[in-house]
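Here the structure is laid out as structure tokens; the discussion comes afterwards.
Nothing in this text is a laboratory measurement; each read-out follows from the coordinates by a stated rule. Worth saying up front: this structure is predicted, and the values here are computed from it rather than measured. Quick reminder, even Gly has a Cβ in these numbers, built from the backbone with ideal geometry, and neighbours come from all protein chains shown.
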Amino acid sequence: MIDDIKREARERMDKSLEALKHNFNKIRTGRAHPSLLDGLKVDYYGADTPLNQVANINVEDARTLTLTAWDKSMIPQIERAIMKSDLGLNPATAGEVIRIPMPMLTEETRRGFTRQARQEAEAARVSVRNARRDAMALLKELVKDKEIGEDEERRGQDEVQKLTDAMVARVDSLLADKEADLMEI
């Protein structure tokens, strides 16, 4: 039973880390990366469709993304979706190819993105701690129902706490990497 509780807590914590990585990918650094456009949706004949399902996204060089729409009539909608996004990108169309140059980050935008990264990391830490809290509550419930002893509860709590500490350390490590990436000129 204790192993089931630990396994469930680990799964929830791992999901928090995956969500953090996904959110970090959306925060723009100075380099071009196709995952920047992951959250964008394009109006494709009346249906909101993810951009990567209507166009091929490639990295041309360190500061430029290129998009090739599979349906050439979609180029104006794709451009509109990119401009409407909060990414601050200005696409340029050259025939059938849409080029998206990554503007240089100013000191102010770097700090803003760093602040956003810290908020995402804090949300991940809270999520990890919530998983710990729930696991601890389940352990207490097992003791109350006399399914396990207090020694087993203490051992389970120690293991869940060690897992929590490891996950929080991974969140901090991911945040440090993202901050270094953002502050790199």
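Numbers below:
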item: Phi to ³J(HN,Hα) by Karplus 6.51 cos²θ - 1.76 cosθ + 1.60 over the stretch 170-179, Hz, x for Gly, Pro; result: 5, 4, 4, 5, 4, 5, 4, 5, 5, 5
item: For the stretch 98-135 versus the stretch 158-185, the gap between their alpha-carbon centres in whole angstrom; result: 12 Å
item: Other-chain or far-sequence residues with amide H under 5 Å of LEU65's (modelled H); result: GLU60, ILE100, MET102
item: Loop-located trypsin sites (Lys or Arg not before Pro) in the stretch 138-181, at most 12 other Cβ atoms within 10 Å (DSSP); result: LYS146
item: Efficiency of FRET from Cβ geometry, GLU96 and ALA62, R₀ 25 Å, rounded to 0.05; result: 0.60
item: For ALA55, residues with placed amide H under 5 Å, excluding near neighbours; result: TRP70
item: Fluctuation leader among GLY95, GLY46, GLY112 - the chain, Gaussian network, Cα springs under 10 angstrom; result: GLY46
item: In the stretch 8-94, the chymotrypsin sites (Phe, Trp or Tyr not before Pro) that fall in loop regions by DSSP, at most 12 other Cβ within 10 Å; result: TYR45, TRP70
item: Gaussian network model of the chain, springs between alpha carbon atoms under 10 Å - residue of ASP38, ASP86, ASP61 with greatest fluctuation; result: ASP86
item: Residue-span extension gain [ASP177 to SER73] - 0.36 nm each, minus C-alpha spacing; result: 33.4 nm
item: For GLU18, net neighbour charge (Lys/Arg +1, Asp/Glu -1) across residues whose Cβ lies under 14 Å away; result: +2
item: Estimated 222 nm signal from helices in the chain, with DSSP H stretches of n ≥ 4 weighted -39500 (n - 2.57), rounded to 500; result: -20500 deg cm²/dmol
item: Residues with amide H under 5 Å from that of TYR44, placed H, sequence gap 5 or more; result: THR49
item: Cα-based Rg of the chain normalised by 2.2 N^0.38 Å, two decimals; result: 1.38
item: Size descriptor, Kirkwood hydrodynamic radius, that averages inverse alpha-carbon separations across the stretch 1-82, Å; result: 15.0 Å
item: The stretch 14-137: Lys pairs at Cα distance under 25 angstrom, eight or more positions apart or on different chains; result: 9
item: The stretch 119-185 pair-distance distribution - Cα-Cα, 10 Å bins, rounded %; result: 21, 37, 22, 13, 6, 1
item: Semi-axis lengths, Å, the stretch 34-101, gyration tensor of Cα atoms, sqrt of 5 times eigenvalues; result: 17, 13, 11
item: Residue exposure sequence - SER173, SER16 - by fewest surrounding Cβ within 10 Å; result: SER173, SER16
item: Label point distance in nm, LYS26-ASP134, each placed 7 Å from Cα along Cα→Cβ; result: 2.1 nm
item: Length gained when the stretch ASP158-GLU122 is fully extended (0.36 nm per residue, less Cα-Cα span); result: 10.7 nm
item: Acute angle (nearest 10 degrees) that the helix 107-144 long axis makes with the longest principal axis of the chain, alpha-carbon atoms; result: 30 degrees
item: GluC sites (Glu not before Pro) within the stretch 143-182, DSSP loop, no more than 15 other Cβ atoms inside 10 Å; result: GLU147
